[in-house]
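Q: The structure is given below, and queries will be raised subsequently.
Each value in this text was obtained by applying a stated rule to the coordinates, not by laboratory testing. If you're wondering where the values come from, they're calculated on a predicted model, not measured in any experiment. Neighbour counts run over all protein chains shown; Cβ positions are idealised from the backbone, glycine included.
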Amino acid sequence: MLAGVRRGILGGTFDPPHLAHLVAAEAAYRDLALDVVSFVPAGAPWQKAGRVVTAATHRWEMSLLAVGGIDYLEADDREVRRDGWTYTIDTLDSFPGRDDLVLILGADAAAGLPTWHRAADVLARAEVAVMPRPGADRAAVEQAAGRVRWLDTPLLPVSGTLLRAMRHEGRSIRFLVREAVYAYIEEHGLYAGR
């Protein structure tokens, strides 16, 4: 039997993918001896139903640009190709069973794990690595997600919500996203009208 891959899964809306995502991926890759970190943009994120989310095609293109040129990072389109709501357990189950999966989450997302579809199955299928976030309560995260691996990263108060608001206000987000992502956002006029 072939050996599996030790794979980090960094999922999210990536609306847009930003430097905190890259810092989390880098820390997980180095600290947890991963072979690769897959950026998996959500197709139709069920927990964001009723909210405005940028078209999956744009989020996919930005994800490709965010990981470009970094050989241990990859963009994976399995969720944007899937019809209907996208659930983390379905994504995890779509990887070969021999793969050793590490789900990389921000502390805010990890604290909400009990609300996820088939949360117990998610925790059974993947190890959870958590990036600290400003204001996040470590005890609450550990209560929600069980045994987690905390990534050794600085507290970065960067989020998609913040970046979209900054763009809406006419402020620059350059250097908070990779240059290619910034150029894509500018070229397509993303977030300026929100």
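Q: Test of the criteria: in region 87-194, which chymotrypsin sites (Phe, Trp or Tyr not before Pro) are in a DSSP loop and have at most 15 other Cβ atoms within 10 angstrom of their Cβ?
A: PHE175
Q: Please identify the GluC sites (Glu not before Pro) of region 119-179 that satisfy two criteria: DSSP loop assignment and at most 14 other Cβ atoms within 10 Å. Which are they? Show your work: numbers first, answer last.
A: Numbers: sites: GLU127, GLU142, GLU169, GLU179; in loops: GLU169.
Those satisfying the criteria are GLU169.
Q: Kindly provide the helix-only [θ] at 222 nm of the chain, computed as the sum of -39,500 (n - 2.57) over DSSP H runs of four or more divided by all residues, to the nearest 500 deg cm²/dmol? The partial results should precede the final answer.
A: Numbers: 8 runs with 70 residues, N = 194.
That calculation yields -10000 deg cm²/dmol at 222 nm.
Q: What are the trypsin sites (Lys or Arg not before Pro) within region 46-139 that DSSP puts in a loop, where the Cβ has at most 12 other Cβ atoms within 10 Å?
A: Values: sites: LYS48, ARG51, ARG59, ARG78, ARG81, ARG82, ARG98, ARG118, ARG125, ARG138; in loops: ARG51, ARG78, ARG81, ARG82, ARG98, ARG118.
Here the sparse-neighbourhood loop sites are ARG51, ARG81, ARG98.
Q: Check TRP150: other-chain or 5+ apart residues with amide H under 5 Å from its amide H, H built from backbone geometry?
A: VAL130
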